[in-house]
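The values are calculated or read from the model by the stated rules, or taken from the named source; none is laboratory data. Computed from a predicted structure; not experimentally measured. Backbone-built Cβ (ideal geometry, glycine too); neighbour counts: all protein chains shown.
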Amino acid sequence: MNYLAHAYLSFNHPETLVGNMISDFVKGKTKFSYPAGIQIGIELHRYIDRFTDEHEATKEAKEIFRPAYRLYSGAFVDVVYDHFLAADEREFSEQSLLFFTRSAYNMLDEHFHHLPERFSRMLPYMKEQNWLFHYRTRWGTEKSLGGLVRRAAYLTESDTAFRLFEQHYQLFQDCYRHFWADVKPFAKQQFDVLCSLQNKDER
């Protein structure tokens, strides 16, 4: 789950950020129990995920992880993308990333009563270890890959994933740049459409 990308592609809208961050923990029609702004974030997250999975750069990056991790290869690519986004000087300086991550945690805290139980249990660790910021470093990325394995049902080690990440660093960076150039305008377009539809419903 590329948490940083989903938070950033919420376009500074607090409820959208909450929905975007919790979407993987919200199943089926339960999304309709959330406020309209959070529903937009949940739906936007799903659009972004489908776009990500179908993108040629993602397919190329997944092939590096696939022999060792098979169906989990996409989850590892998500972490890799967050590393390059966090380190992307066109999007963040170190200070602006730190400010953004603190703002994101504050938005989640303000809507804590809306968070699914599994996400609310994870949030204190996310904040304490500042996952969103530490994607910026290779050390933080290594920790995130390990965390992915600990939460997965059928994985036992992340050393191979980190070794592949380092061995193919330039390829992954190229994939990220190709992907990010496409997903950012796509997400903004979908966000605008979802907001427009919601505004019509409220009239």
Report the residue count in the range 1-45 for those that are within 25 Å of residue 74 (Cβ to Cβ) and assigned to a loop (DSSP other than H, G, I, E, B).
7
Please find, among 136, 163, the residue that is outside any helix (DSSP H, G or I) and modelled with pLDDT of 95 or more.
136
Any chance residue 194 is part of a helix (DSSP H, G or I), within 30 Å of residue 40 (Cα to Cα) and modelled with pLDDT under 95:
no
Qualifying residues in the range 25-45 (those that are surrounded by fewer than 17 Cβ atoms within 10 Å (Cβ to Cβ) and of a type in the set (D, E, K, R)) - the one nearest to the chain's Cα centre (by Cα):
27
Provide a single number: the residues in the range 118-161 that are aromatic (Phe, Trp, Tyr) and surrounded by fewer than 18 Cβ atoms within 10 Å (Cβ to Cβ).
3
Considering only the range 93-133, how many residues are more than 19 Å from residue 26 (Cα to Cα) and assigned to a loop (DSSP other than H, G, I, E, B)?
3
Does the range 157-169 contain at least one residue that is touching a residue at least 12 places away in the same chain (Cβ under 8 Å) and within 25 Å of residue 41 (Cα to Cα)?
no
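What residue, among those in the range 147-160 that are farther than 11 Å from residue 72 by Cα and under 16 Å from the mean Cα position of the chain (by Cα), is modelled with the highest pLDDT?
Here the answer is 147.
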What's the number of the condition residue 25 fails, among (1) on the phi > 0 side of the Ramachandran plot; (2) touching a residue at least 60 places away in the same chain (Cβ under 8 Å)?
(1)
Based on what the data block shows, is residue 75 among the aliphatic types (A, V, I, L, M) and either buried (at least 23 other Cβ atoms within 10 Å of the Cβ) or closer than 21 Å to residue 199 by Cβ (or both)?
no
